[in-house]
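For reference, the structure is listed below as structure tokens.
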Amino acid sequence: MDELARILIYTAAAGLCIPLGGLLACIEHIQPRWLEREFRHFVIAFGGGILLGAVALVLIPEGMQHFNGSLAGVGFLILGGLIFFQLERWLGVHRRESPQLLGMLLDYIPESVALGGMFAVGSGSAALFAFFIGMQNLPEGFNAYRELIHGGRRRRHVLLLMLALAGLGPLVGLLGWALLADSPYALGAIMLTAAGGILYLIFQDIAPQSRLDRHWAPPLGAIFGFAVGLTGHALMGGA
């Protein structure tokens with residue numbers, strides 16, 4: 001298959017998991033009520049586990065490889081955390097009404113750029129990374145849908161918005177493919193910066209939201225999420 005076609009297919013499939021997560025969120029009023037609440041927190045934790053898998057199994061190992069193990073890569077990891085910290089602070093000051101949606105875009109866009117770059121340099125982990133992006137987009141789409149609906153948006157409008165956002169993946173993926181083919185250091189910097197930002201989001205937003213007092217099942221979602229990532233890593237020859 002032509003490399004350009006592979007980029008379009010992988011990025012489109014990963015992006016379509018956003019509206020798919022929204023469709024899953026349309027299933028409401030699960031009975032009993034405690035099960036619905038626990039399921040929602042399980043989904044949040046599952047997304048955190050997938051993100052952690054992307055960081056631990058792809059972004060950091062691949063990113064550091066482009067720096068030949070240099071400590072300069074660590075600087076970009078820290079930079080990513082600081083950038084996301086400042087963005088969240090700015091969003092908090094301006095009281096943005098859709099933090100889940102904006103948080104999803106904050107990791108989806110740089111990851112899609114990195115995915116295009118990985119295809120450009122012939123990385124063997126590109127397909128695995130596309131899988132990670134799609135798997136994390138499912139719970140993030142789920143949570144963003146619930147957030148927008150509770151904010152008074154119409155279901156149809158929310159799903160159409162998510163479908164439009166899914167189209168961002170192929171566009172920025174092609175951008176990464178065109179710009180990063182001859183810039184392995186830039187690709188490594190983007191991957192490590194994204195990893196630092198994701199780690200910040202996990203501990204700032206996802207982990208606190210996944211917890212429920214006197215409920216022990218939701219944190220297992222993080223374990224299952226990371227296990228899914230590890231399974232994909234093993235099946236694609238990474239283990």
>> Need the full-extension length gain, residue 70 to residue 105, defined as separation in residues times 0.36 nm minus the C-alpha distance. One decimal, nm.
In response: 9.7 nm
> Considering only the other residues whose Cβ falls under 15 Å of the Cβ of residue 11, what net charge follows from Lys and Arg at +1 and Asp and Glu at -1?
Replying inline: -3
> Once both labels are modelled 7 Å past Cα along the beta-carbon direction, what's the residue 203-residue 6 spacing in nm?
Replying inline: 3.6 nm
> For 202, 109, what's the largest-to-smallest order of accessible area, 1.4 Å probe?
Replying inline: 109, 202
> So for 11, 231, what's the accessible-area order with a 1.4 Å probe, most first?
Replying inline: 231, 11
> Percentage of Cα-Cα pair distances in region 135-183 greater than 11 Å, rounded to whole percent?
Replying inline: 72 percent
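The values are calculated or read from the model by the stated rules, or taken from the named source; none is laboratory data. The model shown is predicted, which means the values in this text are computed figures rather than measured ones. Note: ideal-geometry Cβ built from the backbone for every residue, glycine included; neighbour counts use all protein chains shown. Heads up: the accessible areas ignore ligands, DNA and RNA and are worked out on the full protein's heavy atoms, side chains in. Shrake-Rupley method; radii C 1.70, N 1.55, O 1.52, S 1.80 Å.
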